[in-house]
Structures are given as structure tokens and as C-alpha cells.
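Reading through the C-alpha cells given below for one structure.
Values in this text are rule-based calculations from the coordinates and carry no lab data. Please read all numbers here as calculations on a predicted model, not as lab measurements. Don't worry about glycine lacking a Cβ; one is built from the backbone with ideal geometry, like all the others, and counts go over all protein chains shown.
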Amino acid sequence: MRLIVITFLFFFISFSGSAQSFELWSSAGVKYKLNKKIHFSGSFSSRFRDFKARTIFPELTVKYKALKWMHLSVDYRFVSKRENNGNYNGANRINFNTKVKNNWDRLSYAMRIRYQMSAEAGTVGTYNSDFDRALRFKPEVSYDIKKSIFTPSISVEFFYNPNSGLYGNRIDKMRYTLGTDLELDGPHSFRIFTRIDHKIYDNNPTKFIVGFDYQLSLNDILSGNSKKGEL
């Protein structure tokens, strides 16, 4: 695990040094477990660049535990993205997700496959992986450090454009992420991360991102339990 982190960190620093822009991402939400199989969650996310909100979106998720090692989920987002002229371009987006996960001692490894589809307001001249159809593949490895609140993780996400045509049927973008979950007492879950967002076919291809996610467990509040949260 240490060798993987060092190799990934070296690669990460190399990319971040050539980034054309910096963004701050934040998300806050709530989650509720209906039973052992079905979970609900909702959140509001914002992404800032040059002290301006570039992208904002609320999201609702329904997750189903199909097997011990596999979850199926559906997300709905209304994405508002600020264009260079100052106007916001809106889109309704739905994600269909399958996530498989397994553990080996304190090491966890997972793969998320996402099919993303969108209905955008207005017109777009080129392919945009935030709005248009995409197939996304995200392998991830995490490690639960003994006697620590930190569970660091590393991941790479591939964005594949499934559309036919000149710019279709190819990997359009990749994301490299280093982050950690913080195991806090009570109903609170917190995650911080750094990310490189690299568009392969773009004049300004690389963004360096720092982000944090917060989530509140309604089950813990309603039951009055105090325990370590999971993000």
C-alpha cells in the first residue's frame, strides 16, 4: 500500500504542477437508511473557481444493496454550470451506478461503473463530460489505519464518450484523486481530498481541485445513537 501511495503521489504532483486552473469543491448532505437493503441520501454541491461558483447542483440518491459486495444506485442532479459569458447553463442529469467492493484485512478495493445521461437546456457545440452521455469507470483502493481516525484512499476515474461521430467512442477525461475519510463520533461523516481533472482533448486540459464532503446520518439523530460514521 505504501509503494502504491508513493507512486501515485509522484504522478499526482507531476500533473498538479502543470494545472491551468484551481477549483474548490464542497458538498453537504444527509443520509437515511430505510432498512438493511435501501438507503436514501440528498446533498447540495458547489464548485468554485476564481472566487465564483462555476457549478452548483442538488442531488438525490437511492441505493440498493443487491449483494454483500455489490450496491446499485440511481442519482438525480440538476446541474447549473457558469459559462464564460456569466450565464448559467442548466441540465437534468441521471446516473446509474454499480459498485462492487471487497476487503482484505484493513485494505479495501472497489470499482464503480456509472452510466451518465443528461437532458440539457440550450445548445452545446462540443462534447462536455459534465453534461453529455458518458460511461465512467472508477477503481479505488483505501486503507483503514489502525488506531487512527483516517482512512486514506486513492482512485483513478475514466470518462468514456459512448457517442458516435468524430469525438465519440474514446476516453475523453481522467480524474486522479487522493483523499481520506475521517471517522468521527456521532452522526457526522467528513471527507477531504485533492484531485487532478485532466481533459485529454482540450486546450486547457488540467484542473487542480481541493474538496471536502460532509454528510449527516439521520438514523443516528433519530435513534440517539453515538457511533463512528461512515461516508
Pair residue 202, residue 218: separation of 7 Å Cα→Cβ label points (nm): 3.5 nm
Residue-averaged [θ]222 nm for the chain, counting only DSSP H segments that reach four residues, each worth -39500 (n - 2.57): -2500 deg cm²/dmol
Partner lysines for residue 207 [C-alpha distance under 27 Å; skip if fewer than 8 residues away on the same chain]: 52, 81, 99, 138, 173, 199
Shape category assigned to the chain from the gyration tensor of Cα positions, a/c cut at 1.5: prolate
Sites residue 37 and residue 164 - FRET efficiency at Förster radius 30 Å, r taken between beta-carbons, to 0.05: 0.20
Distance between modelled label sites at residue 49 and residue 108, nm, 7 Å Cα→Cβ extension: 3.1 nm
